[in-house]
Amino acid sequence: QVQLVESGGGLVQAGGSLRLSCAASGRTFSSYAMGWFRQAPGKEREFVAAVNWRGGSVHYADSVKGRFTISGDSAKNTVYLRMNSLKPVDTAVYYCVRDADPSPYYSDYAWDYWGQGTQVTVSS
């Protein structure tokens with residue numbers, strides 16, 4: 001069984017930064033892809049970023065490219081999402097995801113394991 005636990009959410013002013021963390025337990029960390037999705041109130045869940053540890057590829061949604069950075073620490077079984085220049089439209093619940101080989105990576109149905117989510121609120 002795989003468990004994902006997110007942390008690091010909170011309230012921040014526009015232009016500020018936050019770093020989300022996701023601790024994973026289960027099978028070998030480096031053999032999987034991990035990523036982040038988010039869901040704002042009244043909106044559909046959307047892809048944010050993903051990294052495939054097997055091939056080293058990294059993907060970002062256009063809306064966060066240049067502002068967010070996904071990274072990981074295989075020794076700690078943890079993936080991070082560094083969020084800079086935050087905007088009110090970034091307000092959402094952020095979910096950590098993991099899968100052996102998600103395809104397509106930007107679709108939520110491609111990911112088997114989900115965390116409980118952490119709230120990020122950006123005030124104007």
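The values are calculated or read from the model by the stated rules, or taken from the named source; none is laboratory data. Please read these numbers as outputs of a predicted model, since none were measured by experiment. Note that we place each Cβ from the backbone using ideal geometry, even for glycine, and neighbour counts take in every protein chain shown. When the accessible area is computed, the model is the full protein with side chains, heavy atoms only, and any ligands, DNA or RNA have been set aside. Shrake-Rupley method; radii C 1.70, N 1.55, O 1.52, S 1.80 Å.
Annotation for Gln119 and Asp73: the two label points, set 7 Å from Cα along the Cα-Cβ direction, are 2.7 nm apart. Accessible surface area normalised per residue over the chain is 52 Å², counting heavy atoms of protein chains with a 1.4 Å rolling probe. Is the C-alpha gyration tensor of segment 12-78 telling us rounded, prolate or oblate? Criteria: a/c under 1.5 is rounded; beyond that, a/b larger than b/c is prolate, otherwise oblate. Judged from the Cα gyration tensor, segment 12-78 comes out prolate (a/c at least 1.5, a/b above b/c). Reported to the nearest whole Å, the Cα centre-to-centre distance from segment 1-27 to segment 62-124 is 8.
Here the translational diffusion coefficient of segment 12-124 follows from Stokes-Einstein with Rh set to the Kirkwood radius across Cα pairs; for 4 °C and 1.567 mPa s it amounts to 92 µm²/s. Applying 1/(1 + (r/R0)^6) with R0 = 22 Å to the Cβ-Cβ distance of Asp112 and Ala61 gives a FRET efficiency near 0.60. Within the same chain, lysines fewer than 8 places from Lys43 are excluded, and of the rest, those with a Cα less than 21 Å from its Cα are Lys65, Lys87. The share of accessible area on the chain that comes from carbon and sulfur is 45 percent, using a 1.4 angstrom probe. Charge tally for Ala49 (other residues, Cβ to Cβ under 12 Å; Lys, Arg +1; Asp, Glu -1): +2.
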